[in-house]
Number of protein chains: 2
Amino acid sequence: MKASNSIKKNASIVNKFLKKELHGNPKQLYDAASHLIVHGGKRLRPFLVLKSCQILGGRQSDAIVAASAVEMIHNFTLVHDDIMDNDETRHGVPTTHTKFDLSLAILAGDVLYSKAYHTISTKSKLSSNYTTSLVSKLSKACVEICEGQVYDIKFAENKRIPTEKEYIMMIEKKTAVLFEVSCAMGAICAKRKQNDVKNLSSFGRNLGIAFQITDDLIGIIGDSKKTKKPVGNDIREGKKSLPIIIAINRANAKEKKIIMKVFGNSKASKKQISLAVDVIRSLGIEKETRNKALKYAQKAETSLGSYTGTAKAEMVSLLGFVISRRL
Amino acid sequence: MKASNSIKKNASIVNKFLKKELHGNPKQLYDAASHLIVHGGKRLRPFLVLKSCQILGGRQSDAIVAASAVEMIHNFTLVHDDIMDNDETRHGVPTTHTKFDLSLAILAGDVLYSKAYHTISTKSKLSSNYTTSLVSKLSKACVEICEGQVYDIKFAENKRIPTEKEYIMMIEKKTAVLFEVSCAMGAICAKRKQNDVKNLSSFGRNLGIAFQITDDLIGIIGDSKKTKKPVGNDIREGKKSLPIIIAINRANAKEKKIIMKVFGNSKASKKQISLAVDVIRSLGIEKETRNKALKYAQKAETSLGSYTGTAKAEMVSLLGFVISRRL
């Protein structure tokens, strides 16, 4: 089965579970909490939970609860991040604080977060020692996500361009850790400890890094019709992502001037941004950025070296999908 | 030992634990997360966890982790509530979003929340089945707190004055549930199930209702020097609390007019508010409100009927402290 078909099939199982969990009173709260979820999303993280369980011989039914909880956590971070980034739309849909308001968006995030732990601690059929491991892994990941988000904000506020190492550290916390914990939780749901959890965690972490690097590339050179964001959106927002770090390191004085003129400048004209995007493209950053993503994808694949079977094939196929995507 | 002395003694144990847990990098995040905690607070909820454990013969050392986690949760709700209420100070200290900014305050709340679950799932020496019960109880309480906060917002937005029953339902979710779960968690830390958890939960819930009713009374008639809030603050904010519900039900047409003129009116003058407070006082709401709080305090005490010993005496003493306080 192609990765995208398998992702879709698994997504529908998770969607059904999420729909059941995310309703109640006051209705407005649950409408706000479900808002982004019902409007789409690939459910990549739940896919990783389910496949990581399956690759180790575990049953999908043992992993569905953790898979759904991870998606709740993911959406909790999206809702709160959109507030912090002051974004009005996400994938063409109004963000939660735009559709509802600030208070409801904060609470929508908080209730998603609470439901995630409640779901894990009450709906999972695993024995308590596995449940405790799931909570411990997931909460540690959430701590790191908060830390990563602060680093991201600090990088944006600071005039200095971060080093590649600092950027990787930031995206590891902000993004990769949730991919890592998704795989780790899948392994725990398959009742595995130590070595398997370590291997799957490594797969998830490296996949997550490759995912974010690719995402940041799309943020610079992506087709605005597909991304549903203005051309060069991340440049205008002054996002110090890897492709920007590479571009600035490669640029000569004249090119640097063109880039820096629009970088983080909300008043930059469309023409100025378009020129900066052309300059950045001409510096060959796409190839170098995609190569870096590929390097992490290869590390991820290596982590699965000792496993075989359909689930492995699907996970490796997902790697290819993640680094080659243009949307 | 007087309740206030016992509370102080227990608070210092919890403070030590919290200080150890709430540091890390980026420092700014942990400074924001600790901001309200280091500036005070009675640690009532941790006190309830510790005493509920002790009343059932449990060891304090088995409950300190849960006690600290509850305080993290409490502070998470304070930080996010202050954003929603647009409050600039809390007990004379700048609120987290005022001292830092909106993004850091959202993240400070989120990291406190994450740390609470991480602490419970990794630091508790209890066996996994008790840990899972703690997570399940705590996360359910957090879901209800979010629901309660939305009801509170809806009541404020709606022109209609809620009924007493609706008000009690709202404060049960918004406030009492965290007192309830504190006591339930104490009982679980003492390795008790079913009946004892039920009794202690009932104590906490009724104490929590009595606490909030008293809090709302202070919000109307409290001494502004002690509360560090402007006179009649809750009236100006249009908070539909029990003393207001009672006052409006008792007021004649002329009195109602004076109250409604300033109710929820941010532009009301000091003189107008002062007049409205005098009218409300003259309606005898203090006695009726304190009587309602007393009724819940008595229910709480009844829940502890089958227990004896020092911890019980301290818990009953706390009840008296909660309903008679003027600050």
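The values are calculated or read from the model by the stated rules, or taken from the named source; none is laboratory data. Worth saying up front: this structure is predicted, and the values here are computed from it rather than measured. Note: ideal-geometry Cβ built from the backbone for every residue, glycine included; neighbour counts use all protein chains shown. Just the protein is used for accessible areas: all its heavy atoms, side chains included, with ligands, DNA and RNA removed. Shrake-Rupley method; radii C 1.70, N 1.55, O 1.52, S 1.80 Å.
A few points about this structure:
- Condition met for B:Ser266 (open to solvent by less than 80 Å² (accessible area, probe 1.4 Å), more than 18 Å from B:Ile161 (Cβ to Cβ) and of a type in the set (S, T, N, Q)): no
- Verdict on A:Phe203 being within 26 Å of A:Leu44 (Cβ to Cβ) and of a type in the set (Phe, Trp, Tyr): yes
- Test set (1) of a type in the set (S, T, N, Q); (2) open to solvent by 30 Å² or more (accessible area, probe 1.4 Å); (3) out of contact with any Lys or Arg (no Cβ under 9 Å at 6 or more places or on another chain); (4) more than 13 Å from chain A (Cβ to nearest Cβ) - B:Asn25 fails condition number: (4)
- Residue pairs whose Cβ atoms lie under 9 Å apart, sitting 6 or more positions apart in sequence or on different chains, and linking a residue in segment A:294-305 that is under 15 Å from A:Phe321 (Cβ atoms) and open to solvent by less than 20 Å² (accessible area, probe 1.4 Å) to a partner that is assigned to a helix (DSSP H, G or I) and charged (D, E, K, R), are A:Ala300/A:Arg205.
- Hits in segment B:272-293 (condition: among the aliphatic types (A, V, I, L, M) and either within 19 Å of B:Asn206 (Cα to Cα) or open to solvent by less than 60 Å² (accessible area, probe 1.4 Å) (or both)): B:Ile273, B:Ala276, B:Val277, B:Val279, B:Ile280, B:Leu283, B:Ile285, B:Ala293
- Qualifying residues in segment A:161-173 (those that are surrounded by 18 or more Cβ atoms within 10 Å (Cβ to Cβ) and within 11 Å of chain B (Cβ to nearest Cβ)) - the one farthest from B:Leu22 (Cα to Cα): A:Met170
- Unique match (being away from chain A (no Cβ under 14 Å) and open to solvent by 20 Å² or more (accessible area, probe 1.4 Å)) among B:Ser12, B:Ser52, B:Ser6: B:Ser12
- Of residues in segment A:134-160 being over 19 Å from B:Ala33 (Cβ atoms) and at the interface with another protein chain (Cβ under 8 Å from one of its Cβ atoms), the one surrounded by the most Cβ atoms within 10 Å (Cβ to Cβ): A:Val135
- Of all residues making up segment A:28-41, the number that are more than 11 Å from chain B (Cβ to nearest Cβ) and among the aromatic types (Phe, Trp, Tyr): 0
- Check on B:Lys173, within 11 Å of the chain's Cα centre (by Cα) and closer than 24 Å to B:Gly148 by Cα: yes
- Condition met for A:Leu107 (open to solvent by 30 Å² or more (accessible area, probe 1.4 Å), within 25 Å of A:Ser139 (Cα to Cα), within 14 Å of chain B (Cβ to nearest Cβ) and touching a residue at least 12 places away in the same chain (Cβ under 8 Å)): no
- In segment B:188-200, the residues that are in a helix (DSSP H, G or I), open to solvent by 10 Å² or more (accessible area, probe 1.4 Å) and not β-branched (Val, Ile, Thr): B:Gln194, B:Asn195, B:Asp196, B:Lys198, B:Asn199
- Just one of the listed residues (B:Ser121, B:Ser127) is facing another protein chain (nearest Cβ under 7 Å) and small (Gly, Ala, Ser), namely B:Ser121.
- Test: residue in segment A:250-262 that is of a type in the set (Lys, Arg), under 23 Å from the mean Cα position of the chain (by Cα) and open to solvent by 90 Å² or more (accessible area, probe 1.4 Å): no
- Flag for A:Lys115 being more than 8 Å from chain B (Cβ to nearest Cβ) and at pLDDT 95 or above: no
- Verdict on A:Leu275 being modelled with pLDDT of 95 or more and not charged (D, E, K, R): no
- Some residue of segment B:216-227 being open to solvent by 10 Å² or more (accessible area, probe 1.4 Å) and part of a loop (DSSP other than H, G, I, E, B): yes
- Scanning segment A:123-139 for residues that are farther than 16 Å from A:Cys183 by Cα, within 27 Å of the chain's Cα centre (by Cα) and small (Gly, Ala, Ser) returns a single hit, A:Ser124.
- Among residues of segment A:77-96 being more than 8 Å from every other protein chain (Cβ to nearest Cβ) and crowded, with 23+ Cβ neighbours inside 10 Å, the one that is nearest to A:His39 (Cα to Cα) is A:Thr96.
- Cβ-Cβ under 7 Å pairs, at least 6 apart or on other chains, segment B:192-205 side closer than 11 Å to B:Leu304 by Cα, far side modelled with pLDDT of 95 or more and aromatic (Phe, Trp, Tyr): B:Gly204/B:Phe179
- Annotation note: of A:Gly284, A:Gly208, the sole residue that is at positive phi, among the small types (Gly, Ala, Ser), out of contact with any strand residue (DSSP E or B) (no Cβ under 9 Å at 6 or more places or on another chain) and modelled with pLDDT of 85 or more is A:Gly284.
- Test: residue in segment A:58-69 that is touching a helix residue (DSSP H, G or I) at 6+ places or on another chain (Cβ under 8 Å), open to solvent by less than 10 Å² (accessible area, probe 1.4 Å) and under 30 Å from B:Asn86 (Cα atoms): no
- On inspection, A:Ser4 passes the criterion of being over 30 Å from B:Glu157 (Cα atoms) and either touching a residue at least 24 places away in the same chain (Cβ under 8 Å) or assigned to a loop (DSSP other than H, G, I, E, B) (or both).
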